[in-house]
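Notes to accompany the following structure.
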Amino acid sequence: MSDINGTEPTTTEEPPPVVDPEPDPDPDPGPSTEPPLQPEPYTFQPYMWYSATCACATNTCPNYNIVQEVPMMYSNNGTNVVIYCGVCSKRATILSAALLSPQPPEE
C-alpha cells in the first residue's frame, strides 16, 4: 500500500541477524597414519621393578600411539620384558623405563 505521494511506507524493523550455523564436530579421523613411536634403547636389570611408559604399535587399535604410564613393571630375567595393550591385547612398545627406588618388598 502506498501513501499519498506514491511511495511505500518504511518500517523501522531490522532484519534478524545472520547466525552462523554450529560447526560440525570433527568426524572420526580413523586410524592414524603416523609412524609408531620409537623407543629409546634400554637395558633392564634382572629381577627388578620399574615404572614405564608404553604405546600400542598396532595401527588399528584405538590406543595406537597413545602414551600410557605403567606404574609397576617387573623385569623378569631382564631380557624378556613385555607389556601388552589392554585394548587389543597386542604387544605395546616400551618407550621409557625407570628403576623404582626403593624396590617394593618381597612377599
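Quick note: the coordinates plus some simple rules give every number you see, no bench work behind them. Values in this document were obtained by computation on a predicted structure and should not be read as measured data. Methodologically, a virtual Cβ is constructed for each residue, glycine included, from the backbone with ideal geometry; neighbour enumeration extends over all protein chains shown.
Identify the chymotrypsin sites (Phe, Trp or Tyr not before Pro) of region 41-107 meeting these criteria: DSSP loop state and at most 10 other C-beta atoms within 10 Å of the C-beta.
Working: sites: Y42, F44, Y47, W49, Y50, Y64, Y74, Y84; in loops: Y42, F44, Y47.
When the chymotrypsin sites (Phe, Trp or Tyr not before Pro) of region 41-107 are filtered for loop state and at most 10 Cβ neighbours within 10 Å, nothing remains.
Want the number for L100 to T43: 0.36 nm per residue separation, take away the alpha-carbon distance, what's left? Don't skip to the answer; put the middle values down first.
Numbers: separation 57, 0.36 × 57 = 20.52 nm, distance 1.45 nm.
So the extension gain works out to 19.1 nm.
If we count other beta carbons within 10 Å of each Cβ, what is the order of E69, E106, fewest first? Don't jump to the answer; show the numbers that get you there.
Values: E69 9, E106 5.
By the 10 Å Cβ count, ascending: E106, E69.
With r defined as the distance between the Cβ atoms of T60 and S89 and R0 fixed at 22 Å, what FRET efficiency is calculated, to the nearest 0.05? Display every interim value, and only then the final one.
Details: r = 12 Å, r/R0 = 0.56.
The computed FRET efficiency comes out at 0.95.
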For T93, other-chain or 5+-apart residues with amide H closer than 5 Å (H placed, Pro excluded) are A55, C56, A57
With N residues in region 49-99, what two-decimal value do you get for its Cα radius of gyration over 2.2 N^0.38 Å? 1.09
